[in-house]
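The structure appears below as structure tokens.
We did not get these values from a lab; they are worked out from the coordinates using the rules stated. What you see is a predicted model, and the numbers here were worked out from it, not measured in a lab. Backbone-built Cβ (ideal geometry, glycine too); neighbour counts: all protein chains shown.
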Amino acid sequence: MFKTGKLKFMIILAIETSCDETALSIVKAEGDLESLSFKVLASALRSQIEMHREYGGVVPMLAKREHLKNLPILYDLVTKEAGDPKIDLIVVTQGPGLEPALWTGIKFAENLSQKLGVPILGANHMEGHIASVLLNKEESSKEVTFPALALLISGGHTELILMKNWAEKEKIGETKDDAVGEAYDKVARMLGLDYPGGPEIARLAKQARDGDIKNERLRLPRPMIHSKDFNFSFSGLKTAVLYYLRTLKGIEERDKLEVAREFEEAVSETIIHKTISAIKEYGPKTLVVGGGVVSNDYLRTKILDLKESFSELEILIPEPGLTTDNATMIALAGYIQYLNQGLSDQKLEAIGNLPI
Ligand code: KG4
Ligand code: ZN
């Protein structure tokens with residue numbers, strides 16, 4: 001094993017299997033916590049979305065089967081693409097996520113670790129989403145000025161995290177029920193749209209805005225917008241959509257457009273409102289935004305618009321294409337964790353609800 005500070009750079013093989021994407025990346029990482037720099041040597045991803053779509057959501061046992069099938073194939077792909085470099089560290093997502101899916105990545109990583117004689121480190125998927133803001137498609141050396149506020153919006157999480165630095169993090173708010181991506185997926189299902197629902201609703205909502213389609217009588221709640229804390233709740237919003245749809249005789253195309261638009265606006269307003277409150281309360285220098293829902297163009301624009309009210313605030317958002325799950329962000333999170341804590345001798349375990 002190597003010691004901290006001895007290596008000038010490190011070649012990391014990262015593995016992500018927490019949900020319905022099997023992803024592997026080989027990343028060259030260098031620098032210390034004040035000046036991190038990364039180069040993606042190879043990266044591959046197989047999405048299982050088509051398969052889960054049939055069931056309207058992710059089926060954990062099917063996800064596990066697919067990961068088992070995909071992992072060796074992607075491993076061959078990335079090692080070839082990167083020119084078969086000597087790997088210094090294997091990083092694997094340990095949680096949060098679906099445990100049967102997480103275990104496939106961990107077992108694969110353990111076997112590889114033995115075979116290559118390389119240490120292994122378990123990373124937190126949500127820390128991966130935070131780190132994804134450091135990433136460009138190929139090379140990156142962005143820095144985060146602390147204190148930072150991280151807004152994490154994915155299929156399983158909706159959280160506001162205060163970061164004093166890369167190691168000291170405090171959760172200041174979270175959803176009390178559904179995550180925002182989950183709400184998108186559930187509302188999409190009510191509207192008869194495909195899984196994952198986020199992109200489908202986003203498409204319809206955009207169509208409605210472009211065509212100036214709006215139902216003035218349809219007003220969905222902006223949940224917990226007046227609460228003094230930084231928590232979220234999206235389950236009531238989802239139920240409000242359900243009750244509204246029940247008042248209709250049937251769901252016409254126009255109804256879908258109207259609901260999608262109003263839902264997207266309700267969600268975005270709520271998230272922006274809470275984020276503004278947290279910025280005012282804590283005065284961060286940087287706003288870091290991560291998670292699959294950042295792919296939403298409408299919300300992305302609203303987040304970037306915060307610059308108008310907070311001109312000193314630096315806003316870091318992952319590039320489109322790097323917002324949803326990938327292994328490069330896991331490599332970055334692993335490297336940061338390695339710099340912070342070094343390696344651990346503890347046996348890796350999948351932890352479905354691993355906190356940040
Ligand atoms: O981060 P992610 O890839 O997986 C988790 O860690 O959960 O996020 C997936 C979530 C899904 O709920 C999906 O519907 C949502 O991100 N999503 C979107 C969009 N693209 C993906 N939600 C809203 N608008 C989008 N364009
Ligand atoms: Zn994710």
For region 1-91, which GluC sites (Glu not before Pro) pass both filters: DSSP loop (anything but H, G, I, E, B) and at most 11 other C-beta atoms within 10 Å? Glu34, Glu54
Karplus-derived 3J(HN,Hα), 6.51/-1.76/1.60, for each residue of region 145-160, Hz, glycine and proline x: 8, 9, x, 10, 10, 10, 9, 10, 10, 9, x, x, 9, 9, 9, 10
Once amide hydrogens are built 1.01 Å from N within the peptide plane, the residues lying 5 or more places from Ile172 or on another chain with amide H under 5 Å from its amide H are Leu160, Ile161, Leu162
If you average the C-alpha positions of region 147-167 and of region 246-322 separately, how far apart do those two centres end up, in angstrom? 15
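Pull out the extension gain between Arg217 and Ser344, defined as 0.36 nm times the separation in residues minus the alpha carbon to alpha carbon distance; nm, one decimal.
40.0 nm
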Nearest-0.05 FRET efficiency for Asp32 and Thr301, computed from C-beta distance (R0 30 Å): 0.30
Trypsin sites (Lys or Arg not before Pro) in region 146-231 lying in a DSSP loop, each with at most 16 other Cβ atoms within 10 Å of its Cβ, come to Lys164, Lys176, Lys214, Arg217, Arg219, Lys228
At R0 = 45 Å, how high is the FRET efficiency between Arg53 and Thr145 if r is their beta carbon distance? Nearest 0.05 is fine. 0.65
Given springs between every Cα pair under 10 Å in a Gaussian network model of the chain, which of Ile15, Ile49, Ile106 has the largest fluctuation? Ile49
Extension gain (nm, one decimal) between Arg254 and Lys8, 0.36 nm per residue minus Cα-Cα: 82.7 nm
What distance in nm lies between label points placed 7 Å from Cα along the C-beta direction at Arg189 and Ile73? 2.7
Among the trypsin sites (Lys or Arg not before Pro) in region 84-130, which ones are in a DSSP loop with at most 15 other Cβ atoms within 10 Å of the Cβ? Mind listing them? Lys86
Glu314 and Lys280 label points (each 7 Å along its Cα→Cβ direction) are spaced in nm at 2.6
Mind checking the full-extension length gain between Arg203 and Lys80? Use 0.36 nm per residue of separation minus the Cα-Cα distance, one decimal, nm. 40.6 nm
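Can you sort Thr17, Thr22 by how many other beta carbons sit within 10 Å, fewest first?
Details: Thr17 34, Thr22 28.
The order, fewest Cβ neighbours first, is Thr22, Thr17.
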At Asn165 and Thr239, where each label point lies 7 Å from the Cα along Cα→Cβ, what is the point-to-point distance in nanometres? 4.5
Going from the fewest other Cβ atoms within 10 Å to the most, one would list Val294, Val59, Val180 as Val59, Val294, Val180
